[in-house]
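Working notes, structure below.
The values are calculated or read from the model by the stated rules, or taken from the named source; none is laboratory data. None of the values given here were measured: they were computed from a predicted structure. Here the Cβ positions follow ideal geometry from the backbone for every residue, glycine too, while neighbour counts run over all protein chains shown.
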Amino acid sequence: MTAPIALFFGTRPQVIKASVLREALAATGPVVAVDTGQHYDYSMHQVHYDQLGVQAPDAFLGVGSGSHAEQTAAILTACESWLAAHPVRAAVVIGDTNTTMACALAAAKRRIPIAHVEAGLRAADRLMAEEINRRVTDAVAHWLFAPCGRVAAVLRQEHPEAVVAEVGDVAHDVLVRALPQAPAPEAIPGYDAGWRGRFVYATLHRAELVDVPARLGPVIEALSGSPLPVLLAAHPRTAVALERLGIRLGAMVHRIQPVGYLQSLTLTQAAAVVVTDSGGLQREAYWLGRPCVTVRGETEWVETVELGANRLLPPEQADQLASAITAAANDGREWDRGAYGDGNAAARIAALLAPSP
Ligand code: UD1
């Protein structure tokens, strides 16, 4: 009998992407789903299982948080023990989190072939946590699944030893399927029907922004002076930082808990502008035709900027955020939405990983 393929995930965006990958992999052979438990709050984790109708994982490693070293070490150890007890023919990891890298390393040390979904994205900041995670993962993976041709070309140069395939973006697959179930904006606590779509949907979570008071303070101040009301869905890291630093939100900023995936799609689609540092939200805004201001000096999703959907604003230039929001809100341009595949990435990945007959 063919050994199963293992699918590892553990953070909010990975639970979402794993939903389609698990189903596609299951259509070609046995699959076991392993949730590391890196994210654990209901609003960061279980809500996505519930909304996307995802079955409970086959294994839950319950690692929780800690410093980067503690978290990575906990996942590495737990994943190694799990792999020692459960023979698998390959390990699939997604994206660029501590879960991605630690599960890839645990599998590599056991000589289990690794497939990296969302491989090859690169930032100039080589020491950003996510950048370390994806470079290390790409270095040990056998299959590198790229979301677009530009990224596949980078990977072929960097890793001639690996199997590189341009498959599209699994996040697009999820969006296409889930969009019909997205609720009306009026059903989302914190949304004001009187805004009539003239609002900003904002999320901030990256350590490089949130954990640096000299960046977070001015960005929040700029949001407080936004020309449009701002709905800020605060990630736990952001909530803690705001509390710790005693940063007050201006009257224009309405803070809410992290929202579920479906609510996030609704708010993105309903907003005049999205302001974020999230890679996922940059693409979702791009697919849904909403202009985005990314509060970073760079993006891994360069096509969104080249096509006019996304503009970069480094936190150091937070004083220009209000004018960037106005410019984005008044832009009105349409763009080609096909940069990252056609919504069938998971099926392509599953076909490439299918057990030989
Ligand atoms: C992680 C990923 C990032 C991804 C993001 C999506 C890494 C290095 N980073 O960042 O690439 O874009 O997830 O959200 O893996 N916390 C809670 N409840 C939770 C989860 C986290 O309170 O359910 C707290 C943790 O205690 C920690 C902080 O939030 O203090 C950050 O969590 P962590 O898992 O370290 O990274 P993220 O910022 O979520």
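Evaluate the following for THR238: is it closer than 30 Å to GLY343 by Cα and in contact with a helix residue (DSSP H, G or I) (Cβ under 6 Å, 6 or more places away or on another chain)?
no
Every residue in region 238-265 that is farther than 27 Å from TRP287 by Cα and either assigned to a helix (DSSP H, G or I) or of a type in the set (D, E, K, R) (or both), please.
Hits for region 238-265 are ALA239, VAL240, ALA241, LEU242, GLU243, ARG244, LEU245, ARG248.
Taking the stated definitions as given, is TYR49 out of contact with any strand residue (DSSP E or B) (no Cβ under 8 Å at 6 or more places or on another chain), aromatic (Phe, Trp, Tyr) and either assigned to a loop (DSSP other than H, G, I, E, B) or closer than 25 Å to PRO355 by Cα (or both)?
Spelling it out, it is not the case that TYR49 is out of contact with any strand residue (DSSP E or B) (no Cβ under 8 Å at 6 or more places or on another chain), aromatic (Phe, Trp, Tyr) and either assigned to a loop (DSSP other than H, G, I, E, B) or closer than 25 Å to PRO355 by Cα (or both).
List the number of the failed condition for LEU232; all other conditions in (1) closer than 24 Å to ASN98 by Cα; (2) away from the ligand (no atom under 11 Å from the Cβ); (3) free of Cβ contacts under 8 Å to residues at least 60 places away in the same chain; (4) under 21 Å from the mean Cα position of the chain (by Cα) hold.
(1)
I need a count of the residues in region 235-262 that are more than 11 Å from the ligand (Cβ to nearest atom) and under 17 Å from the mean Cα position of the chain (by Cα).
Qualifying residue count for the region: 4.
Pairs only if they're at least six apart or on different chains, beta carbon under 8 angstrom, first in region 163-184 and within 16 Å of LEU281 (Cβ to Cβ), second part of a helix (DSSP H, G or I) and aromatic (Phe, Trp, Tyr); list them, first residue then second.
These pairs meet every condition: HIS172/TRP287; VAL174/TYR261; LEU175/TRP287; ALA178/TYR261.
Of all residues being without any contact (Cβ under 8 Å) to a residue 12 or more places away in the chain and of a type in the set (D, E, K, R) in region 86-134, which is nearest to the ligand (Cβ to nearest atom)? Just the residue, please.
ARG126
Scan region 274-291 and give yes if some residue there is over 19 Å from the mean Cα position of the chain (by Cα), modelled with pLDDT of 95 or more and surrounded by fewer than 22 Cβ atoms within 10 Å (Cβ to Cβ), otherwise no.
no
Is region 73-89 home to any residue that is in a strand (DSSP E or B) and out of contact with any Leu (no Cβ under 7 Å at 6 or more places or on another chain)?
There is no residue in region 73-89 that is in a strand (DSSP E or B) and out of contact with any Leu (no Cβ under 7 Å at 6 or more places or on another chain).
If I filter region 267-281 down to residues being in a helix (DSSP H, G or I) and not polar (S, T, N, Q), which single residue comes out as farthest from the ligand (Cβ to nearest atom)?
Out of the qualifying residues, it is ALA270.
Could you tell me whether any residue of region 326-337 is aromatic (Phe, Trp, Tyr), closer than 19 Å to HIS205 by Cβ and in contact (Cβ under 8 Å) with a residue 12 or more places away in the chain?
No, every residue in region 326-337 fails to be aromatic (Phe, Trp, Tyr), closer than 19 Å to HIS205 by Cβ and in contact (Cβ under 8 Å) with a residue 12 or more places away in the chain.
List the residue pairs whose Cβ atoms are under 8 Å apart, where the first residue sits in region 191-208 and is free of Cβ contacts under 8 Å to residues at least 12 places away in the same chain, the second is surrounded by fewer than 23 Cβ atoms within 10 Å (Cβ to Cβ) and assigned to a helix (DSSP H, G or I), and the two are 6 or more positions apart or on different chains.
So the pair list comes out as ALA193/PRO185; ALA193/GLU186.
Give the residue, chosen from PRO258, PRO236, that is closer than 23 Å to ASP41 by Cβ and surrounded by fewer than 20 Cβ atoms within 10 Å (Cβ to Cβ).
Answer to the selection: PRO236.
Do the conditions hold for ALA222, that is, is it in a helix (DSSP H, G or I), under 17 Å from ALA324 (Cα atoms) and touching a helix residue (DSSP H, G or I) at 6+ places or on another chain (Cβ under 8 Å)?
It is true that ALA222 is in a helix (DSSP H, G or I), under 17 Å from ALA324 (Cα atoms) and touching a helix residue (DSSP H, G or I) at 6+ places or on another chain (Cβ under 8 Å).
Tell me which helices (runs of 4 or more DSSP H) are completely within region 290-357 and hold 2 or more residues being under 30 Å from ALA222 (Cα atoms) and hydroxyl-bearing (Ser, Thr, Tyr), or say none if there are none.
Hits in region 290-357: 321-331.
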